[in-house]
1. Given a Förster distance of 25 Å, report the FRET efficiency between D144 and A109 from their Cβ-Cβ distance, rounded to the nearest 0.05.
2. If the reach is capped at under 17 angstrom between alpha carbons, list the aspartates and glutamates near K85, excluding any in the same chain fewer than eight residues apart.
3. So what J values fall out for segment 59-70 if you push phi through Karplus, 6.51 cos²θ - 1.76 cosθ + 1.60 with θ = phi - 60°, rounded to Hz, Gly and Pro as x?
4. Determine the shape class of segment 102-150: with a ≥ b ≥ c the square roots of the Cα gyration tensor eigenvalues, call it rounded for a/c under 1.5, and otherwise prolate if a/b is greater than b/c, oblate otherwise.
5. Measuring from the lowest to the highest alpha carbon on each principal axis, how far does the chain reach, largest first, in angstroms?
6. So which lysines pass the test for K82, namely a Cα distance under 22 Å, with those fewer than 8 places away in the same chain ruled out?
Amino acid sequence: MLDGLAEYGYWGLLLASFLAATVLPFSSEVVFAALIAAGMDVWTSVFYATIGNAAGGATCYYVGKLGKTEWLERWFKIKPEKIDKTIRWLHGKGAIMGFFGFLPAVGDAILVALGFMRANVPVVMVSMTIGKLLRYVLIGFGTDQIVSWL
């Protein structure tokens, strides 16, 4: 499937990046590196990958937002005071944790949790996008450097 997405160039990268940022087990780095190795522009690749990955991360946030705090009280026996304290913390500085949405495995869970706790949407989206952008810049220019050595 990854080879098929690489054949679609930047649009395939956008789709691969979107899928990788959802709860689906998918890796956009393979498509990303393949396009750069094939001679595609690094900055354009970074742009498409970041847009797709940020859209997927936003999807995770909004999936989390569908949850209800009553579920935590009933199923996990968490006291309402603890939930309220966590929500207040996330509305402030906690929303910046969206930056770590780029991390493999736990990044999606962080974004779902931020959505569940109703963290500040603009702060989550901006910090998440910055994290994802920096990740693709590092991967992109690292891949480009490795390809130039070959």
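1. Values: r = 31 Å, r/R0 = 1.23.
The value I calculate is 0.20.
2. Of all the aspartates and glutamates, those that pass the test against K85 - Cα under 17 Å, at least 8 places apart if same chain - are E70, E73.
3. Those phi angles translate into 4, 4, 4, 6, 5, x, 5, 5, x, 10, 5, 4 Hz.
4. Working: a/c = 8.12, a/b = 2.64, b/c = 3.07.
In terms of gyration-tensor shape, oblate.
5. 58, 28, 21
6. K65, K68, K93
Here, each number is a calculation from the coordinates, and none is a lab measurement. Bear in mind that the values here come from a model prediction, so they are computed numbers and not experimental data. For neighbour counting, all protein chains shown are included, and Cβ atoms are generated from backbone atoms with ideal geometry for every residue, glycine included.
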